[in-house]
Structures are given as C-alpha cells and as structure tokens.
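> Here you go, one structure.
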Amino acid sequence: MPGAIALFSGGLDSTLAVRILQRQDIPVEGLNVRTPFDSSGKPAARAARELGIPLTIRSVGEDYVELLRNPHFGYGKGANPCLDCHIYMTRMARQLMEERNAWVVVSGEVLGQRPMSQKRQDLDLVCRRSGLEGRLLRPLSARWLEPTIPEQEGLINRERLYSFTGRKRNGLIALAAELGISHIPAPSPGCALTETTFAPRLRDLLQTNPKATLWDCGLLRIGRHYRVSPLHKVVLGRNAEENDRIRSLWTRETVVQNALIEPESFVGPHAILCGPATEEVIRLTGSLMVSYTRQVPPNRQEVLVRVHHGQMRQVIQIDASDAAQVRQMCHLIR
C-alpha cells in the first residue's frame, strides 16, 4: 500500500520528487493524468519502470472541456488555464490517495519555476482548492513552504527535503546524479495549450461548438484545420500517419453528424468533416483534399471520394477543376 501518490509526468521534476521519498523508504504510486493536449504517457511509463513504482493512468472527464471554456483563473499566453488544470489534476490525485489509503500527494513543482502556476500564492491556492491542505508535498521546494502534516508527524524527514526555486535546471540535474538517476529525462514537449500557435484551434472550437467534447479536443492535434462555414470544419491529414490517425479517431467518435471522407480515385489526404454532412459541403471537402495532392493532373476535371457518414457508405464524384480556388476561399485555422 503506498504512503504517497505522486502526480507523475515522467519528467525530471516528478522523477526527482519520487526518488526523494524513496530515499526515505516511503512507498510511492505514480498517477499520470491524460488530457488531449499532452504527450507524457510514454515518458511516464519509462520513468516509472526505472524507479520501480506502480503507475496508474487516468484520463480527464468531459467536465474538463467546461474548464477549458470557462477557467476560473484565466488563461496564460496561449489557451492554457494552468491554475485550473493543476487544481483539477490535484483533485484527481486526492481521490486516488483516498482510494489507496495513502497519506500524502506529491508533486514535482518548483517554487517560481512557472510564472502561470508556481508562484507561492499559486501553490497555496492549489492546496486549498484541491482539498489537500497539509497533504500536498512539493519535495523540491518543501523547505520554502509550510510543513505538511506528514512532516509534522515525523512520517517524512523535512531535513531531507530541498529548497529549489526558479527556472534554472543545473541544480536539479546535479541532484539527479546524486540520487542515482542515470537517465535524465529529456525536456517534456509540454502541453499544447501553452503554444500560442495552437491556441486559435481551441478558441475556434469553443466559440463555434457549444457541445464540444474531449473527442473534438483530441482532433485539434491532428492535421490542417479549415473553417469552411460557421457550422462546418474540415480536418485534413498531412501525411500517411495522420491519415491513419484520422481514420482511427473517426471510428471512436459518437457524433453521428461528422463524416469521414477518403480518396477513392487518387492518393491524397483523408478528411473529417465536422458538422452536418450536406452534399454541398462534402463536395467542398473533396475539393480541399484535391488541392493538397499532386496525384491529380491539373487538366483532370473529376475525381471520386468515399464518404462514411453514420451507417452510410457512398462514392461521390467531385469537381477537381476549382480545387485551388476552393482552398483560397476557406479559412485555415492557424
């Protein structure tokens, strides 16, 4: 039975936080929280194996979309509601702590490392809002913060915790060597929500689709996105891998009005049409697909596409002559 539940991305900070407690013989279980916007799954699994800890993986719920739409504490430079997201994930860690009868939640946060969510008042706020006052330990900066209940009770030796602050990583890398961590995790690619180039996609989704789901959020990380009308968006694969991801994602979706459109008589991008699949918009989507392939000669007037819409499967003929003009008419969501 674990004494601690660690919020665990597999990055350097969370790896160090776990190892610090292991050095005090405290059993730790990692919790990796999945969102549509991060890529921490594989690094977390690898780091957990190297540390020899069990790893629980849980995904955010559909209520996470409402958090994205109306964050209580606002956004950062992108579309990142960092404080709200930290609180949400820490509540998930508290739930697992209670399920496992553990007595502390551990985070790799460093005081002052991230301006949007790791200032002193932010760390205190997360404790209060998550219901973990006295039970949320940040081993890397603990000696700057109030002692937790496990420290006061002698379950954790405060003298063997640390006082890191700020954004510099040299001290953390040196600590990893001291604690016997041979593999220094590469810097995490982080959360897509923090990228200013990604933010317009999320804003477009939330502004145009009041019923957006986690499935819609997952689609944001794939392909080229075109807004073709207030009710319609087209997502085009950029290569064979993305075509496969589009097909796989479509088979898992439950919104029957969305359509999967694939090339029938040429090689090119696959597409998901989000919105009512009228014949007019299907033809427009086909023209967009043609505009991104060299497999259709410029003098060719017609091509065929396969349309999958609910239980319907049909082949439709598309006018290929105006593909370039159609692309110019549609709005590429940057």
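The values are calculated or read from the model by the stated rules, or taken from the named source; none is laboratory data. Worth saying up front: this structure is predicted, and the values here are computed from it rather than measured. Using ideal geometry, Cβ is built from the backbone for each residue, glycine included, and neighbour counts are taken over all protein chains shown.
> Of the numbered conditions (1) out of contact with any strand residue (DSSP E or B) (no Cβ under 7 Å at 6 or more places or on another chain); (2) at pLDDT 95 or above, Ala47 fails exactly one; give the number of that condition.
It fails just one condition, (2).
> Applying the selection to the range 219-246, what residues are part of a helix (DSSP H, G or I), within 14 Å of Leu260 (Cβ to Cβ) and not basic (Lys, Arg)?
Leu219, Glu242, Asn243, Asp244, Ile246
> What pairs come up if the first residue lies in the range 34-48 and is closer than 18 Å to Val65 by Cα, the second is in a helix (DSSP H, G or I) and charged (D, E, K, R), and their beta carbons are under 9 Å apart, counting only those six or more places apart or on different chains?
Pro36/Asp216
> Another question about this same structure. Regarding the range 166-174, can at least one residue be identified that is touching a helix residue (DSSP H, G or I) at 6+ places or on another chain (Cβ under 8 Å), closer than 20 Å to Ala47 by Cβ and either free of Cβ contacts under 8 Å to residues at least 60 places away in the same chain or hydroxyl-bearing (Ser, Thr, Tyr) (or both)?
No, because not a single residue in the range 166-174 is touching a helix residue (DSSP H, G or I) at 6+ places or on another chain (Cβ under 8 Å), closer than 20 Å to Ala47 by Cβ and either free of Cβ contacts under 8 Å to residues at least 60 places away in the same chain or hydroxyl-bearing (Ser, Thr, Tyr) (or both).
> Where the second residue is among the aliphatic types (A, V, I, L, M) and assigned to a helix (DSSP H, G or I) and the first is touching a residue at least 12 places away in the same chain (Cβ under 8 Å) and lies in the range 141-162, which pairs have Cβ atoms under 6 Å and are six or more apart or on separate chains?
Once the first residue is touching a residue at least 12 places away in the same chain (Cβ under 8 Å) and sits in the range 141-162, its partners that are among the aliphatic types (A, V, I, L, M) and assigned to a helix (DSSP H, G or I) give Leu161/Ala142.
> Can you go through Ser9, Ser40, Ser59 and tell me which one is surrounded by 18 or more Cβ atoms within 10 Å (Cβ to Cβ), within 21 Å of Leu220 (Cα to Cα) and touching a strand residue (DSSP E or B) at 6+ places or on another chain (Cβ under 8 Å)?
Within the list Ser9, Ser40, Ser59, the selection yields Ser40.
> Across the range 201-211, what is the total count of residues that are surrounded by 16 or more Cβ atoms within 10 Å (Cβ to Cβ) and part of a helix (DSSP H, G or I)?
Summing the residues that are surrounded by 16 or more Cβ atoms within 10 Å (Cβ to Cβ) and part of a helix (DSSP H, G or I) in the range 201-211 gives 6.
> Same structure again: Run down Gly131, Gly108 and say which single residue is assigned by TED's automatic domain parsing to the domain that holds Leu16, surrounded by 13 or more Cβ atoms within 10 Å (Cβ to Cβ) and farther than 23 Å from Arg46 by Cα.
Selected residue: Gly131, the only one of Gly131, Gly108 that is assigned by TED's automatic domain parsing to the domain that holds Leu16, surrounded by 13 or more Cβ atoms within 10 Å (Cβ to Cβ) and farther than 23 Å from Arg46 by Cα.
> Can I ask one more? Which condition number does Ile173 fail, the rest of (1) touching a strand residue (DSSP E or B) at 6+ places or on another chain (Cβ under 8 Å); (2) under 18 Å from Arg23 (Cα atoms); (3) not acidic (Asp, Glu) being met?
Of (1) touching a strand residue (DSSP E or B) at 6+ places or on another chain (Cβ under 8 Å); (2) under 18 Å from Arg23 (Cα atoms); (3) not acidic (Asp, Glu), only one is false for Ile173: (1).
> Same structure again: Among the candidates Gln328, Gln314, Gln257, single out the residue that is loosely packed, with under 14 Cβ neighbours inside 10 Å, among the polar types (S, T, N, Q) and within 21 Å of Leu202 (Cα to Cα).
Unique residue meeting the criteria: Gln257.
> Report the residue count in the range 247-276 for those that are in a strand (DSSP E or B) and of a type in the set (Gly, Ala, Ser).
Going through the range 247-276 one residue at a time, the tally reaches 2.
> Continuing with the same structure: Only residues that are modelled with pLDDT of 90 or more and surrounded by 11 or more Cβ atoms within 10 Å (Cβ to Cβ): list them for the range 172-191, please.
Selection gives Leu172, Ile173, Leu175, Ala176, Leu179, Ile181.
> Also, quick follow-up: Say whether the condition of being among the β-branched types (Val, Ile, Thr) and outside any strand (DSSP E or B) is met by at least one residue in the range 321-331.
Yes: one or more hits.
> Can you name the helices (runs of 4 or more DSSP H) wholly within the range 115-184 that have at least 2 residues being touching a Gly at 6+ places or on another chain (Cβ under 9 Å) and under 25 Å from Met97 (Cα atoms)?
Counting at least 2 such residues, we get 120-130, 149-152.
> Same structure, new question: Going by what's in this entry, would Ala102 be described as under 21 Å from Arg19 (Cα atoms), of a type outside the set (Asp, Glu) and without any contact (Cβ under 8 Å) to a residue 12 or more places away in the chain?
no
> Consider the range 277-311. How many of its residues are surrounded by 15 or more Cβ atoms within 10 Å (Cβ to Cβ), in a helix (DSSP H, G or I) and not polar (S, T, N, Q)?
Within the range 277-311, residues that are surrounded by 15 or more Cβ atoms within 10 Å (Cβ to Cβ), in a helix (DSSP H, G or I) and not polar (S, T, N, Q) number 8.
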